[in-house]
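Chemist: Input: one structure, supplied below.
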Amino acid sequence: MKKLMDMEILENIRIAKDVYRMKLRGEELCFSEMMAGCFLNIKVGTGSELLLRRPISIFDADEKEKTLSIIYKVVGRGTERMSGIKSGDLLNVLGPLGQGFPIQDESGRVLLVGGGVGVPPLYELGKKLKAKGMEVTTVLGFRDEESIFLREDFERLGPLYIATEDGSYGTEGYVTDAIREMDPSFDTLYACGPKAMLRTLDERYAQIKKGFLSFEERMACGIGACYGCMTETKAGLKRVCKDGPVFRLGEMKYDSVL
Ligand code: FES
């Protein structure tokens, strides 16, 4: 199935401080290859400084409508340009790409942990896990109250705890502080966010829980061809874009990725 296509923008709206949600439609999208945690590599312009695509994870997918939604934060010229795109415009997209979160078949309790722009892919995952009868608890971390997004969406999945770095909402500190405070029970961990957050979770749970972590990495090709996103795991060097971005709890070697 074709992975490179022009998709029509249906919506591009601001949902929190510097954070936007974009809905795109593509008749040629391959939903059967799309696991929660897969990403799109989006061409954001034609100038020399915008030649590289931006990898952005999928927040929501609707196979019937042939639509995908993504959530992105404006952090530079590429994403700033994206924020100005209007409904009806076309965007060149490569995807879906990468290995997403495997979904275990057994029932049980899952803990979703997301930090900042690592939050969106956990929503699609949480919907699928809940549909399989799993009990979903979520812990999300943001900089401050103004930066919070998807609160109501995650609340529909089950208990939700939020940490903010400045203490303006929920637990003051990081997701790890909220987990320590709330002490949720769970069998399987799924997390996405900054490497420091993932490392802390890995060190705390790799010996005692099952789980999967999705890593953010600078990418160029996004399809495993340029070897620009290599990272060292306990099983050797791997490409974050093609072998990941999701890796098993306990699989990553951190000295090389921090
Ligand atoms: Fe090219 Fe991963 S970005 S191999």
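Chemist: Rank LEU111, LEU90, LEU125 by mean-square fluctuation in a GNM of the chain with C-alpha springs under 10 angstrom and give only the top-ranked residue.
Modeler: Top of the fluctuation ranking is LEU90.
Chemist: GLU63 to SER87: FRET efficiency via 1/(1 + (r/R0)^6), r the Cβ-Cβ distance, R0 25 Å, to the nearest 0.05?
Modeler: Approximately 0.70, to the nearest 0.05.
Chemist: Counting heavy atoms of the protein chains only and a 1.4 Å probe, report the per residue accessible area for segment 94-238 as a whole number of Å².
Modeler: Solvent-accessible surface per residue comes out at 45 Å².
Chemist: Using θ = phi - 60° and the Karplus curve 6.51 cos²θ - 1.76 cosθ + 1.60, what whole-Hz ³J(HN,Hα) does each residue of segment 55-68 get, with Gly and Pro shown as x?
Modeler: x, 9, 6, 7, 8, 8, 9, 10, 5, 4, 7, 6, 10, 10
Chemist: Same structure again: Just want to confirm a number: the relative contact order over the chain, from Cα pairs under 8 angstrom separated by 6+ residues, in percent.
Modeler: Relative contact order comes out at 17 percent.
Chemist: Cα extents of segment 185-258 along the three principal axes, largest first, in whole Å?
Modeler: 41, 19, 19 Å, listed from the longest principal axis down.
Chemist: FRET efficiency for ASP187 and GLU27, Cβ-Cβ distance as r, R0 = 35 Å, nearest 0.05?
Modeler: Calculated transfer efficiency: 0.35.
Chemist: Then there's this: Using the Karplus equation 6.51 cos²θ - 1.76 cosθ + 1.60 (θ = phi - 60°), what ³J(HN,Hα) coupling, rounded to whole Hz, does each residue of segment 191-203 give in order, writing x for Gly and Pro?
Modeler: Values, residue by residue: 9, 8, x, x, 4, 4, 5, 5, 4, 4, 5, 4, 5 Hz.
Chemist: Sticking with this one: For the peptides 191-200, 92-101, 161-170, what is the packing order when you average, over each peptide's residues, the other Cβ atoms within 10 Å and list the highest mean first?
Modeler: Highest-to-lowest ranking by the protection proxy: 92-101, 191-200, 161-170.
Chemist: Top mean-square fluctuation among VAL240, VAL44, VAL113, Gaussian network model of the chain, C-alpha springs under 10 Å?
Modeler: VAL44
Chemist: To continue, here is another question. Where nothing but the Cβ of Lys and Arg (+1) and of Asp and Glu (-1) is charged, how large is the charge dipole of the chain around its Cα centre, in debye to the nearest 20?
Modeler: With Lys and Arg at +1 and Asp and Glu at -1, about 700 debye.
Chemist: Most mobile of GLY244, GLY173, GLY88 per a Gaussian network model of the chain (Cα springs, under 10 Å)?
Modeler: Between GLY244, GLY173, GLY88, it is GLY88 that shows the largest mean-square fluctuation.
Chemist: Report the extension gain between LYS17 and TYR169 in nm, rounded to one decimal, defined as 0.36 nm multiplied by the number of residues separating them, less their alpha carbon distance.
Modeler: 53.3 nm
Chemist: Another one. Of all DSSP beta bridges in the chain, what percent run antiparallel (nearest 5)?
Modeler: The antiparallel proportion sits near 60 percent.
Chemist: What 222 nm value per residue comes from the helices of the chain, counting each DSSP H run with n ≥ 4 as -39,500 (n - 2.57) and dividing by all residues, nearest 500 deg cm²/dmol?
Modeler: Helices in the chain give a 222 nm mean residue ellipticity of -4500 deg cm²/dmol.
Chemist: If the cut-off is 17 Å between C-alpha atoms, which aspartates and glutamates fall inside it for LYS66, apart from same-chain ones fewer than 8 positions away?
Modeler: By straight Cα distance, LYS66 reaches ASP6, GLU8, GLU11, GLU27, GLU28, GLU33, ASP89, GLU124.
Chemist: Here is a further query. Below 9 angstrom from the Cβ of LEU189, what's the summed charge of the other residues (Lys, Arg +1; Asp, Glu -1)?
Modeler: Charge balance near LEU189 sits at +1.
Chemist: Reachable lysines from LYS210, Cα under 26 Å, same-chain residues fewer than 8 places away excluded?
Modeler: Once the sequence-local lysines are set aside, what remains near LYS210 is LYS127, LYS128, LYS130, LYS132, LYS195, LYS234, LYS238, LYS242, LYS253.
Chemist: If N is the number of residues in the chain, what value comes out of its Cα radius of gyration divided by 2.2 N^0.38 Å?
Modeler: Dividing the Cα Rg of the chain by 2.2 N^0.38 Å gives 0.96.
Chemist: Can you work out ³J(HN,Hα) from phi for every residue in segment 16-24, in order, using Karplus 6.51 cos²θ - 1.76 cosθ + 1.60 and θ = phi - 60°, giving whole Hz and x for Gly and Pro?
Modeler: Listing the rounded values in order: 6, 4, 6, 10, 10, 10, 10, 10, 10 Hz.
Chemist: Rounded to the nearest 5, what % of the DSSP beta bridges within segment 106-258 are antiparallel ones?
Modeler: Bridges in segment 106-258 are about 25 percent antiparallel.
Chemist: Between ILE208 and ARG248, what's the calculated FRET efficiency when r is the beta-carbon distance and R0 is 25 Å? Round to 0.05.
Modeler: E between ILE208 and ARG248, to the nearest 0.05, is 0.95.
Chemist: Now, a different point. Rounded to the nearest percent, how much of the accessible area of the chain (1.4 Å probe, protein heavy atoms only) is carbon and sulfur?
Modeler: Ligands and nucleic acids excluded, carbon and sulfur give 45 percent.
The values are calculated or read from the model by the stated rules, or taken from the named source; none is laboratory data. Please read these numbers as outputs of a predicted model, since none were measured by experiment. Cβ coordinates were reconstructed from backbone atoms using ideal geometry, including for glycine residues, and neighbour counts include every protein chain displayed. Each accessible area value is taken on the protein alone, full model and side chains, heavy atoms only, with ligands, DNA and RNA left out. Shrake-Rupley method; radii C 1.70, N 1.55, O 1.52, S 1.80 Å.
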